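The values are calculated or read from the model by the stated rules, or taken from the named source; none is laboratory data. All of these numbers come straight from a predicted model, not from anything done at the bench. Virtual Cβ from ideal backbone geometry, glycine too; neighbours counted across all protein chains shown. For accessibility, only protein heavy atoms count, side chains too; no ligands or nucleic acids. Shrake-Rupley method; radii C 1.70, N 1.55, O 1.52, S 1.80 Å.
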Amino acid sequence: MDVSEAQSAVLSLLRRVSPSALPRVIQWMRSSSEIEELTCSNAEVLLHSIADYLRDCLPVEAMVSSEKQAMENIQRIQKPTLHVDAFLYNDEIIDSLCEEGKLSRNYCMSCGSTKTAPLDFLSHSFSIPELKFLFHHALPDLNGKTLLDVGSRLGAVLYAGYVYSSASKLEGVEINAEFCDLQEEVIKKYRFFDRLQVHHSDICSQKTLLHQADVVVLNNVFEYFLNKEEQMKAWIFMYENLRNKGCLVVTVPSLKESFCKLQINIQLSQWVEEIELDTDLFVGPDTDQEALSDIHLYRVL
Ligand SMILES: C[S@@+](CC[C@H](N)C(=O)[O-])C[C@H]1O[C@@H](n2cnc3c(N)ncnc32)[C@H](O)[C@@H]1O
């Protein structure tokens, strides 16, 4: 059954439900665990198990003491922001942490008053629904291809690439040694070493990895972790070395936004073309359409 046939079948079934029962049936479709199980594959079970393991290895903010510069940069953010790693913490876990008083989704607008406002969210990893969207909907079949995640941090992109795609090689480059060690532990524990490899290095000294990749992922990679001058250098290095015609580049935020913020004067249209993504999809119970629309896909010209 294809999408439109399934939609017609569901609608014709719902038309037969008595009007008084219809709201409860729709509510059940929205929240039932049976429906949720239909959309949750073994791949997700494995990714959730990795997230459970990593949560126990890290503090709630999922940052390590060696990330001094990142911590300073984040403290400079003007808007009150909640730091939650979206790979480790889904909505359900965040809610239970809020109930336990370990996190808050709101901040107090004037001390002592009950006037509160929602905090902005900042995650240093893709969530599981975003990763499913990336591998099942945004990218083509990766059979025989090499994917490089620049700034692989917890390794979320690499593990998701392992379970959701048939990419022959999934490589991560991460500048922070503590996160490289964590990724190595996961690779060993889950026996991912046949297709997955992590390099402890600054991407700016890894030209060959960029030259060999068919897909390069750049998720919020430099902004919070490098100073302005280093960010500019890193982007210019990307521009000079991401040159394989047809190579796919995934970015959050868009290249335009990153380049504008740093006032990098490069004609993007002579380097890459953007591929439109359809983000109006349900990829799991925690699907955040706004987060999906922050994902941009380009093809190197
Ligand atoms: C926002 S995290 C990305 C996480 C991961 N790629 C994901 O999508 O789930 C960015 C990571 O890039 C790393 N990083 C920053 N600059 C780097 C560089 N020049 N070379 C390698 N890694 C870098 C940071 O240490 C950080 O862990």
Scan around Ile275 for amide H atoms under 5 Å from its own, H built in the peptide plane at 1.01 Å from N, and keep only partners 5 or more places away or cross-chain. Leu297, Tyr298, Arg299
Whole-percent carbon and sulfur contribution to the accessible surface of segment 128-300 (1.4 Å, no ligands, DNA or RNA) stands at 45 percent
Could you list which residues have their amide H under 5 Å from that of Val198, counting only those 5 or more apart in sequence or on another chain, with H placed in the peptide plane? Gly172
For the chain, what are the DSSP H helices with axial Cα length of 15 Å or more and mean Kyte-Doolittle hydropathy of at least 0.0? 3-15, 42-57
Which far-off residues, 5 or more places away or on another chain, put their amide H under 5 Å from the one on Phe121, with H placed in the peptide plane? Leu82
Could you work out [θ]222 nm for the chain from helices alone, using -39500 (n - 2.57) per DSSP H run of at least four and dividing by all its residues? Round to the nearest 500 deg cm²/dmol. -12000 deg cm²/dmol
The chain, Cα convex hull volume normalised per residue, Å³: 170 Å³
Below 14 angstrom from the Cβ of Glu184, what's the summed charge of the other residues (Lys, Arg +1; Asp, Glu -1)? -1
Suppose all protein chains stay in the model; what accessible area per residue would a 1.4 Å probe give for the chain, in Å²? 55 Å²
Per residue of segment 285-301, in order, report the coupling 6.51 cos²θ - 1.76 cosθ + 1.60 (Karplus, θ = phi - 60°) as ³J(HN,Hα) in whole Hz, putting x for Gly and Pro. x, 9, 4, 10, 4, 5, 5, 5, 6, 7, 7, 10, 10, 10, 10, 6, 7
Can you give the Rg to Rh ratio for segment 128-300, taking only C-alpha atoms and Rh from Kirkwood? 0.94
Remind me, relative contact order of the chain in percent, using alpha carbon pairs under 8 angstrom and six or more residues apart? 15 percent
Along Cα→Cβ, 7 Å out, is where each label goes; now give me the distance between the ones at Glu223 and Leu97 in nm to one decimal. 2.0 nm
Using θ = phi - 60° and the Karplus relation 6.51 cos²θ - 1.76 cosθ + 1.60, list the HN-Hα couplings for segment 198-205 in order, rounded to whole Hz, with x at every Gly or Pro. 10, 10, 8, 6, 7, 4, 5, 10
